[in-house]
1. With label points built 7 Å along Cα→Cβ from the Cα atoms of SER99 and GLU65, find their separation and express it in nm.
2. Which of the residue pairs LYS80/LYS109; LYS109/LYS148; LYS53/LYS104 have a Cα-Cα distance greater than 25 Å in the structure shown?
3. If you count only protein heavy atoms with a 1.4 Å probe, what accessible area per residue comes out for the stretch 46-159, rounded to a whole Å²?
4. What FRET efficiency would be calculated for the residue pair LEU131, HIS51, taking the C-beta separation as r and a Förster radius of 25 Å, to the nearest 0.05?
5. Can you tell me the length gained on complete extension of the stretch ASP108 to THR124, counting 0.36 nm per residue apart and subtracting the Cα distance?
6. Please work out whether the stretch 58-132 counts as rounded, prolate or oblate from its C-alpha gyration tensor, where a ≥ b ≥ c are the square roots of the eigenvalues and a/c under 1.5 means rounded, while otherwise a/b larger than b/c means prolate and anything else oblate?
7. If the reach is capped at under 20 angstrom between alpha carbons, list the aspartates and glutamates near LYS89, excluding any in the same chain fewer than eight residues apart.
8. What's the center-to-center distance, using Cα atoms, between the stretch 50-96 and the stretch 106-136 in Å?
Amino acid sequence: MPVNSAVVQRSGMGSMQPHSPTQAASVQPTITPAAPPPTVQTVDTSNVPVHQKSVIATLTRLFNETSEALGGSRANLAKKREIEDNSRKLGTLFAKLNSGDISKNASDKLVQLCQALDGGDFSTALQIQVLLPTSEWDECNFWLATVKRMIKTRQNVRIN
């Protein structure tokens, strides 16, 4: 009886299975790289509610002013990292505003904080910033320290 080399009988098994070199190699799922975190420059803000648009505008302006105060494109490596970190943290906040993934209380406090910043009242902005973690820590712990650091940086810089 002729032997088919493409079929291998496995002892203890009643069925015949074709043998091929590709069968032994497992199929690897295609791994798509994770999308980079949103930044101030890349985040989508097209769905931010009208009453929160001022938060985006004010915090973007604060980011730009503090980035320039830290040296902007001429900043040393540590300051560049700080600017990039600020951008990622604010980008995450903006993405949450865009998706509606922020509580009314935190949103209202952010609006008040930005109104204080718009009026140049940094001490009030910092007081409001202190209130946020007492009630909304879980949703603001990622970006709140960045906002505080930027307010303090901006407070210490005179901008024309």
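1. Distance between label points: 3.0 nm.
2. LYS80/LYS109
3. Per residue, the stretch 46-159 has an accessible area of 51 Å².
4. 0.85
5. On the way: separation 16, 0.36 × 16 = 5.76 nm, distance 1.45 nm.
Computed gain between ASP108 and THR124 is 4.3 nm.
6. oblate
7. Here the aspartates and glutamates satisfying the reach criterion relative to LYS89 are ASP44, GLU65, GLU68, ASP101, ASP108, GLU136, ASP138, GLU139.
8. 17 Å
The values are calculated or read from the model by the stated rules, or taken from the named source; none is laboratory data. These numbers were taken from a predicted model, which means no experiment stands behind them. Heads up, the Cβs are rebuilt from the backbone with ideal geometry, glycines too, and the neighbour counts pull from every protein chain shown. Just the protein is used for accessible areas: all its heavy atoms, side chains included, with ligands, DNA and RNA removed. Shrake-Rupley method; radii C 1.70, N 1.55, O 1.52, S 1.80 Å.
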